[in-house]
Every structure is written in C-alpha cells, then in structure tokens.
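Enquirer: Can you keep this structure in mind? I'll have questions shortly.
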Protein chains: 2
Amino acid sequence: MSEAIIAYLNQERERYVEELKAFIRIPSVSASSLHKNDMRKAAVWLSERLEQAGLEHVQILETDGNPVVYADWLHAPGKPTALIYGHYDVQPADPLEQWETPPFEPVVRDGKLFGRGATDDKAQLYTQVATVEAYLKTLGSLPVNVKFCIEGEEEIASPNLPAFVNSHAELLQADLIAISDGPMVSKDQPSICYGLRGLSGFELELKGPKSDLHSGLYGGGVANPATALVKILGSMKDEQDRILVEGFYEGVHELTEADHQAFREIPFSEEDTRKELQVAELAGEEGYTFLERTSARPTLEINGIYGGYQGEGLKPIVPAAAGVKLSCRLVDDQDPDDIFAKVKKHVEAHTPAGVTVSMKQSHRGKPFYISPQHPYIRAAAVAYEAGFGKKPVYIRSGGSIPVIEVFARVLNAPVVMLDFGLPEENMHAPNEYFQLENFDRGTATLCRFWQEIGGSQQ
Amino acid sequence: MSEAIIAYLNQERERYVEELKAFIRIPSVSASSLHKNDMRKAAVWLSERLEQAGLEHVQILETDGNPVVYADWLHAPGKPTALIYGHYDVQPADPLEQWETPPFEPVVRDGKLFGRGATDDKAQLYTQVATVEAYLKTLGSLPVNVKFCIEGEEEIASPNLPAFVNSHAELLQADLIAISDGPMVSKDQPSICYGLRGLSGFELELKGPKSDLHSGLYGGGVANPATALVKILGSMKDEQDRILVEGFYEGVHELTEADHQAFREIPFSEEDTRKELQVAELAGEEGYTFLERTSARPTLEINGIYGGYQGEGLKPIVPAAAGVKLSCRLVDDQDPDDIFAKVKKHVEAHTPAGVTVSMKQSHRGKPFYISPQHPYIRAAAVAYEAGFGKKPVYIRSGGSIPVIEVFARVLNAPVVMLDFGLPEENMHAPNEYFQLENFDRGTATLCRFWQEIGGSQQ
C-alpha cells in the first residue's frame with residue numbers, strides 16, 4: 001500500500017518544490033518587528049495548504065505573538081494520535097551580502113533548494129504535510145490520527161507557546177509528538193536524536209558616559225563601557241574554555257566511559273568538519289571530542305557584541321555604551337532560569353565602577369532527553385532504514401527546541417524527532433539550503449513511520 | 001589701533017556667523033569615502049573665503065588624499081612669519097539619532113552654534129580667518145607675516161600631511177606655527193596648552209569559521225572570534241587599569257611631586273565633570289587625578305567593537321568574525337610605531353587557537369611639548385588676558401594633533417596653541433557646538449597676539 005503513496009509523492013514532486021518555493025518567498029522573520037505582516041501571511045498560506053491536503057478543523061489560533069496554525073485528521077479510531085509540531089518562522093537573513101542568491105528568492109542548484117528557512121524548518125515541515133496529503137489523496141485515510149500545531153515564534157524561543165499549549169492542552173492532546181526540525185548526522189547516515197540541549201539567552205547592556213566622548217580629552221579618566229564589557233566577558237571563561245560562572249555546571253552529568261564510547265561509535269570526521277568550517281583547528285573545552293562538546297556539554301557563547309564606532313576608519317572616542325548578546329546551551333538538569341540568575345550574579349559582581357549594567361533574559365528552553373529504547377524511537381529506526389536504506393545511529397544534538405520540553409511535560413507524551421536536514425545546510429547562516437533528495441527519503445520515512453505507529457498499537 | 005579692528009569684527013559679526021554656518025553645512029567627513037566630493041567643496045569654499053579676506057597666493061594644493069588650502073600675506077618685512085594651521089575636515093556624525101538638530105544643518109541656540117565640526121575645527125579656524133581679515137580691511141596690513149595651511153585629513157590622522165610639509169618646506173617656512181583647534185580649561189578660564197598626547201590607532205580583526213554558524217550545532221566545538229577578541233582585549237589591562245602590554249610604559253616620564261602640584265593648581269572640579277558626564281564615578285589608572293589621567297598618562301582605549309548579530313532580538317550563532325578599533329594616547333617619549341609593534345606582539349601572543357588575526361595601524365602621531373617659558377607662549381598669555389580679561393593657566397591636553405610634531409620637526413619652529421573651544425562642546429560627539437561668545441573673545445585674543453608677536457621681535 002505504501003507503493004501507491006510513494007508513486008503519488010513522486011508524481012507530485014515538481015508541484016511540491018514549487019509550493020515550497022512559494023512558502024520560502026514569504027520572509028517570515030520572527031525576530032524583526034518589520035516582518036509582522038509576513039508572519040500572518042505565512043500562517044494563512046500554511047493553513048490553506050493544510051486544507052488542500054485534506055486536513056480538517058484548520059484554524060489560525062491567536063497568541064500574544066504570532067499565531068499558531070492548527071489542523072487535524074482524526075478518523076483512525078483506536079489508533080495513536082500524533083501531534084506534528086513545526087514552525088513557519090525563520091531566522092533573520094543577515095549578513096545579506098554573504099548570500100549567493102537572495103534569501104527570499106528560492107532557487108534550486110544541484111538538487112539543493114536555497115533560501116532562508118529552507119531546512120529550518122519550511123522544507124522539513126513540508127515533508128510532514130506532503131506525506132499526510134499523499135496518504136489522504138491515495139488511500140483516503142491515515143494509519144494514525146494526526147494533529148498539526150505549527151507556530152511562528154520558534155526562532156525567538158517560542159515565548160508564547162508554553163501558554164498556548166497549556167490553554168489548548170485538550171485540543172493538542174496526543175500519544176506522541178513528531179517533529180522534523182533538525183539535522184541528521186550526514187547525507188548518507190540517518191540518525192535519531194534522543195537528546196537536545198536547552199537554551200538560556202541574554203542581552204546585556206553597559207552604559208558609561210552620557211554620550212560618546214573624545215578619547216583624547218576624556219580617555220583614561222572615565223570608565224569605557226566596551227572595556228568594562230570585555231572585562232566582564234573575559235572573566236567568564238578560563239584558558240581551557242571552562243565556564244567560570246559560579247555553579248554553572250550544577251546539574252550537568254559527567255559523561256561516563258560508556259557515554260564516551262557511544263560517541264566514538266557515531267561515524268563522524270572532525271577533520272572533515274574542520275575543513276568544512278575552514279578553520280586551522282577545532283577548539284573547545286578540554287577533555288571532550290567535537291561531538292561531545294557540541295551536544296553533551298553546556299556552552300556560553302557570544303552571539304553578538306557591539307559598542308562605539310563601527311564605520312570606516314577610526315573614530316577616537318570613549319563609547320557611551322556597549323552590549324552583548326549571549327546564550328548558553330544547556331544539558332541534563334540545567335535550568336535556563338537558574339543559569340540566567342547565575343550569569344546575572346556573575347555579571348553584577350564583575351561590573352567595574354563607573355558603568356551601569358542592565359541584563360535581560362530573552363530565550364529560555366530546558367534540555368530534552370528520551371530513551372533510545374522507547375517503542376516509538378524503535379519505530380522511527382525501522383522507518384529510517386526503509387526510507388534511507390541504512391540503519392540510523394542514535395545521537396544527541398547540540399541544538400535546542402525549547403518547546404519540546406513543554407510538549408513533553410504538558411501533554412505528557414513522548415517526543416520523536418524525525419530529522420531530514422543536514423549539518424552542512426547552513427541553518428541560521430547565509431546560503432541556507434535543503435537537499436531535495438531528502439524530501440523524497442524523508443516522505444518515504446514518514447510514510448513508513450505512520451504505518452509502524454498505526455500497526456504497533458491499537 | 002586694535003579698537004578699529006575690534007569694531008570691525010563686531011560690525012561684521014552677523015555675517016561671520018552666517019558664513020560659518022555655510023562652512024558647517026558642507027559635510028566634510030574625511031573618514032568616509034562617500035564624502036569625497038564634499039572635501040573638495042569645503043576646500044574651494046575656504047580658498048574663496050581666504051581670497052575675500054585679502055590674502056594672497058591662495059592655492060588648492062593636491063596631496064595623495066584631500067587637498068591642502070594655502071594662502072599668505074607677506075608684507076611685514078623684518079617681522080616674524082606665522083604659519084596658521086587648521087583643518088576643514090570633520091568627524092563622522094553618527095550616532096545620528098542622538099543629535100537634537102541635524103549635524104549639517106547648523107543652528108544657533110542660546111548663543112551656541114550647533115553642528116558637526118563647529119568647535120573642531122571650523123569655528124576656531126574661522127577666528128583666525130576673521131582676525132586676519134579685520135586687520136587687512138581696517139588697517140590694510142598685519143603686524144606679522146601670515147601663511148595659512150589648512151588640511152582636510154586631520155580627523156583621519158593626517159596621513160598625507162607629513163609628506164606635504166616635507167615637499168613644501170620652503171613654502172611653509174615660518175617662525176612660529178599657530179593653531180586654534182582645541183579646548184580651553186573652561187568658559188571663564190583661558191588656558192595655554194603646552195603639551196599634547198600622541199596617538200597610535202589600530203584596527204584588529206579576528207576570523208573564525210567560514211560563516212556564522214548555528215550555535216546549537218557548533219557551539220562549544222569551534223573557536224568563537226568574539227570570545228577570542230574578549231580574551232585578547234581582557235589581557236591588556238589589569239584591575240587597576242594599568243596596561244599590561246610589555247614595554248608599554250617605556251618612555252613615559254613618571255610625574256614628579258612638582259608636576260602633581262602644577263596639576264593641582266589648575267582650577268578644575270572632578271565632581272562637575274562627573275556630573276557633566278552623568279556617571280556614578282570617574283575611573284582610571286590608580287594614583288592619578290582625572291587631569292593627570294587624561295593628559296599626562298598614556299591610554300589604551302576601545303573606540304569600537306563589533307562581531308556577530310547586532311539586530312533586534314537574539315540570533316544564536318557562533319559569529320564568523322569580530323573586530324575592534326583601538327587607540328593609544330601617548331605621552332613624553334612614547335613612539336606610535338613602537339607602540340603599534342608592542343600591541344601587535346601582545347595580540348599575537350594572546351590569540352587563541354582556531355582563529356586568525358589581522359591588525360593594521362590606522363593612526364600615528366607623536367606626543368608634543370613646548371616650554372611654558374617660551375617668548376611666544378608668554379605673548380599668548382598677554383593676548384589671552386587681553387581677550388578674556390583673565391590670566392590663562394598652563395595645561396597639557398590629552399588630545400592629539402599628530403601634525404604638530406611634524407611641523408615642529410620639519411619647519412623647526414615653535415608651535416603655539418591658541419585654543420578657543422570648550423571641553424563641554426561635544427567635540428567628536430553628537431550635538432557638537434561652539435560657544436559664539438568665544439568667537440569675540442578669540443578674535444580679540446588673536447588681534448592682540450599678532451600685535452605682541454609683531455612688536456616683540458623685528
């Protein structure tokens with residue numbers, strides 16, 4: 001029976017790519033208030049698309065921020081209900097000058113669909129939509145019940161989704177949550193992610209004198225906020241890249257020898273990664289491999305720093321202000337609010353005289369973990385092998401999908417990640433793309449996954 | 001005889017202010033290549049103005065950068081020849097949003113002329129032009145010979161003026177160099193500056209991975225250039241604001257008790273300065289007062305810092321690059337090229353693995369000193385007392401006019417600073433202005449100064 005579905009998907013492939021381009025053309029950048037209208041445009045586009053796919057109860061549900069798109073198909077009595085989560089918002093596209101083709105003018109080159117949001121998350125979300133459509137258009141039914149819940153604020157850390165999930169817990173109730181919003185290990189190696197890092201993001205601003213000052217007349221006699229910022233940030237890490245914020249590592253489970261061994265078994269080349277990133281060497285916390293550093297260890301990262309004159313030439317001033325955008329990736333039992341409090345305390349203790357500091361938390365998400373032995377994870381393994389012709393490996397990912405923890409907790413259901421992206425697809429970076437071959441493999445995987453889930457329970 | 005000149009200056013005052021506004025309206029920002037045409041426009045405007053003032057041999061002389069405006073009046077045989085130096089270029093105007101009125105739309109409020117370049121250096125230069133004109137229009141002659149040499153690259157550290165002075169040494173030959181391009185101690189306290197700090201300015205850029213990376217997938221596993229920058233900059237100063245670059249203080253003369261005493265005698269309120277700058281406390285190198293820190297001690301200052309995402313919200317990335325604009329104010333026998341070499345060595349020694357660093361020197365100027373006992377400085381003291389009704393105090397200034405050292409060395413002539421600006425006039429900052437009362441006091445001072453110089457020698 002899956003042959004008919006696969007045939008349908010192949011036959012409609014060109015239309016899917018064109019639709020996906022139309023979706024990417026909507027610049028749904030949630031971080032910028034300039035794109036407020038585009039957010040709704042993307043939500044409307046998506047709801048119409050879900051309607052065409054044969055889904056029911058399609059609704060645009062309001063939140064205090066961008067709306068959530070909901071749709072369902074609930075005609076498989078006795079079968080599990082899957083909540084398919086995704087997001088229609090995308091990261092900002094800058095630095096624009098580094099894009100080879102404009103971020104919101106999608107184009108296919110060498111089987112890759114380029115455009116902001118291609119892999120994160122528009123094309124991956126679209127594999128879910130297309131698979132459901134293919135089932136409904138060919139068989140008229142699905143082996144499971146499905147609910148779509150697509151938000152528009154994932155890239156700004158889902159500030160309104162926790163409240164939404166809480167207030168719509170009944171509507172969203174499900175037996176599992178399925179998410180396609182991340183990368184596999186590599187193009188020829190499917191993988192199942194059973195852990196994600198959490199995130200605690202902050203913005204910190206230091207203010208010094210009332211305005212920029214002439215550095216000749218005032219330099220040396222008044223605290224420079226950029227220098228103060230450097231001192232504060234410099235105090236946060238030692239030479240071995242260990243984070244010095246007091247209590248930062250509380251709740252982090254030290255990796256056991258078995259854990260190290262499991263990481264060693266993942267096919268992965270640090271040398272290839274080094275070359276891909278074009279750096280002389282990889283770097284990070286002593287005593288850990290690249291994969292461990294980027295998935296099982298917490299971080300404190302400067303995402304952006306600014307202060308004073310940035311234009312052409314030199315302007316010899318003492319700047320009036322300086323700031324930084326920082327974020328911590330968290331693991332195991334670390335808590336984003338607790339980390340914010342600890343970093344804030346550290347910042348306040350290290351702020352020199354003559355400047356004032358303000359700090360706010362802008363992102364929060366708890367770490368996530370599911371046992372690789374869970375029946376739904378096993379079903380995913382069977383499905384990936386069917387879709388990719390190769391057994392998946394089990395990995396933890398360094399990324400964060402803060403809302404996963406909310407879903408798992410509020411809906412009390414396991415989360416299964418069904419990722420079809422690739423690490424090299426420039427997620428959050430210029431020239432983001434999606435390898436279209438994985439659209440075919442991904443829909444084939446999903447097709448089998450729903451069969452497995454539908455057949456494995458009643 | 002000076003009464004007639006002063007009367008002329010008073011009578012023409014309104015015209016002078018209007019002309020000055022026209023001068024300020026030309027956005028002659030030397031740091032930006034966008035203003036290339038405005039530089040020439042300012043030079044042409046100025047040359048026409050000097051011609052009208054009665055000066056001769058008015059010429060726009062080319063350099064490898066912006067042109068120099070030259071003019072002279074040489075009909076006082078046996079009298080000293082003064083070279084009047086100034087600059088027609090101005091600092092960039094940003095941050096634009098902090099200006100109460102647009103920087104290049106000059107306006108008078110409460111006797112203050114607001115606009116970019118008002119005090120630095122257009123109005124101060126204009127006191128010189130107006131004084132010479134007043135002499136020539138009333139008496140038909142000056143008590144001295146004068147040559148004007150007005151450049152258009154002072155705000156970018158006069159890269160082409162040393163070569164120009166060398167190749168035009170005969171044309172520029174003079175017995176003294178007179179410069180009006182700095183601030184007095186305060187509105188009611190004229191001062192004579194007998195020392196200036198030097199300047200060595202650098203731009204430093206760190207490159208990490210080929211592009212911005214997703215901080216979840218790569219964070220912790222690759223060197224972050226912003227973090228590396230923070231480490232490098234953090235290593236340059238200790239907790240007492242002492243500069244840790246090896247050999248940095250070589251050539252700095254430790255202040256004697258007599259020096260400290262001379263600084264204490266300058267009427268100056270640290271508390272007023274603190275309030276004016278709107279900071280909780282002043283700060284700086286331990287063991288020195290504000291005036292000492294800002295004029296007799298060297299500095300290492302961050303003028304601008306940048307890296308990664310600076311827009312609205314948070315973008316969780318590992319940035320591909322980060323950079324800083326740094327400058328050192330130098331004193332006594334410190335040498336800008338030597339300081340650049342030392343800072344470069346420090347940067348290279350502190351650059352962490354996984355990033356590459358590039359560094360270039362963008363500004364250089366040696367420190368300057370003249371004895372307060374020099375006859376021309378004494379003449380200036382008499383002139384200030386005549387113009388302001390109060391004896392001047394003797395000060396060192398923290399600012400830098402790199403070309404002063406070039407003039408002093410190549411032309412082998414003493415430099416006399418005749419400053420009519422004020423510290424609070426927002427030089428290099430938003431809302432720059434010039435207190436117009438000092439246009440009257442300044443021209444009166446200059447009027448007397450030329451008399452003193454013309455009479456004191458033959």
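The values are calculated or read from the model by the stated rules, or taken from the named source; none is laboratory data. Quantities reported herein were computed from a predicted structural model and do not represent experimental measurements. Virtual Cβ from ideal backbone geometry, glycine too; neighbours counted across all protein chains shown.
Enquirer: Report yes if B:Ala386 is away from every other protein chain (no Cβ under 14 Å), in contact with a Pro (Cβ under 8 Å, 6 or more places away or on another chain) and touching a residue at least 60 places away in the same chain (Cβ under 8 Å), otherwise no. Working first, answer last.
Expert: Values: away from every other protein chain (no Cβ under 14 Å): yes; in contact with a Pro (Cβ under 8 Å, 6 or more places away or on another chain): no; touching a residue at least 60 places away in the same chain (Cβ under 8 Å): yes.
No, not satisfied.
Enquirer: Can you tell me which residue within region A:268-289, out of those that are touching an Asp or Glu at 6+ places or on another chain (Cβ under 8 Å) and surrounded by fewer than 21 Cβ atoms within 10 Å (Cβ to Cβ), is farthest from A:Glu425 (Cα to Cα)? Steps first, answer last, please.
Expert: Of region A:268-289, the ones touching an Asp or Glu at 6+ places or on another chain (Cβ under 8 Å) are A:274, A:276, A:282-286, A:289.
If we keep only those that are surrounded by fewer than 21 Cβ atoms within 10 Å (Cβ to Cβ) as well, we get A:274, A:276, A:285-286, A:289.
On the way: A:Arg274: 16, A:Glu276: 11, A:Glu285: 25, A:Glu286: 28, A:Thr289: 22 Å.
So, considering only residues that are touching an Asp or Glu at 6+ places or on another chain (Cβ under 8 Å) and surrounded by fewer than 21 Cβ atoms within 10 Å (Cβ to Cβ), the one farthest from A:Glu425 (Cα to Cα) is A:Glu286.
Enquirer: Still on this structure: Which one is surrounded by the fewest Cβ atoms within 10 Å (Cβ to Cβ), of the residues in region B:27-47 that are of a type in the set (A, V, I, L, M) and free of Cβ contacts under 8 Å to residues at least 60 places away in the same chain?
Expert: Out of the qualifying residues, it is B:Leu34.
Enquirer: Okay, moving on. Helices (runs of 4 or more DSSP H) wholly in region B:219-316 with at least 1 residues that are more than 10 Å from every other protein chain (Cβ to nearest Cβ) - which ones? Give the derivation first.
Expert: Values: elements: B:225-234, B:257-265, B:270-277, B:290-293.
Once the helices (runs of 4 or more DSSP H) in region B:219-316 are filtered for at least 1 residues that are more than 10 Å from every other protein chain (Cβ to nearest Cβ), what remains is B:257-265, B:270-277.
Enquirer: Just checking, does region A:91-105 include any residue being more than 24 Å from the chain's Cα centre (by Cα), in the same structural domain as A:Ser158 (by TED's automatic domain parsing) and over 25 Å from A:Gly140 (Cβ atoms)?
Expert: Checked region A:91-105: no residue is more than 24 Å from the chain's Cα centre (by Cα), in the same structural domain as A:Ser158 (by TED's automatic domain parsing) and over 25 Å from A:Gly140 (Cβ atoms).
Enquirer: Checking the conditions here, which among B:Lys345, B:Lys325, B:Lys366 is among the basic types (Lys, Arg), within 11 Å of another protein chain (Cβ to nearest Cβ) and in contact (Cβ under 8 Å) with a residue 60 or more places away in the chain?
Expert: Among B:Lys345, B:Lys325, B:Lys366, only B:Lys325 is among the basic types (Lys, Arg), within 11 Å of another protein chain (Cβ to nearest Cβ) and in contact (Cβ under 8 Å) with a residue 60 or more places away in the chain.
Enquirer: Restricting to region A:106-144, and then to whatever is in a loop (DSSP other than H, G, I, E, B) and touching a Lys or Arg at 6+ places or on another chain (Cβ under 7 Å), can you tell me which residue is surrounded by the fewest Cβ atoms within 10 Å (Cβ to Cβ)?
Expert: Per the stated criteria, the residue is A:Pro143.
Enquirer: Output the residues belonging to region B:150-206 that are away from chain A (no Cβ under 14 Å), hydroxyl-bearing (Ser, Thr, Tyr) and outside any helix (DSSP H, G or I).
Expert: Once the filter is applied, which keeps residues that are away from chain A (no Cβ under 14 Å), hydroxyl-bearing (Ser, Thr, Tyr) and outside any helix (DSSP H, G or I), region B:150-206 yields B:Ser180, B:Tyr194.
Enquirer: Could you pull out every one of the strands (runs of 3 or more DSSP E) wholly within region B:342-425 that has 2 or more residues that are modelled with pLDDT under 90?
Expert: Correct list: B:356-365, B:393-397.
Enquirer: More than 10 Å from chain B (Cβ to nearest Cβ), assigned to a strand (DSSP E or B) and either in contact with a Pro (Cβ under 6 Å, 6 or more places away or on another chain) or crowded, with 24+ Cβ neighbours inside 10 Å (or both): does that describe A:Ile339?
Expert: no
Enquirer: Within region B:186-225, work out how many residues are among the aliphatic types (A, V, I, L, M), over 21 Å from B:Thr299 (Cα atoms) and under 33 Å from the mean Cα position of the chain (by Cα).
Expert: Selection size over region B:186-225: 2.
Enquirer: Check B:Glu424, B:Glu452, B:Glu437 and return the single one that is surrounded by fewer than 22 Cβ atoms within 10 Å (Cβ to Cβ), of a type in the set (Asp, Glu) and in contact with a Gly (Cβ under 7 Å, 6 or more places away or on another chain). Even if it seems obvious, please write down each step before you answer.
Expert: Working: B:Glu424 fails: in contact with a Gly (Cβ under 7 Å, 6 or more places away or on another chain); B:Glu452 fails: in contact with a Gly (Cβ under 7 Å, 6 or more places away or on another chain).
The unique qualifying residue is B:Glu437.
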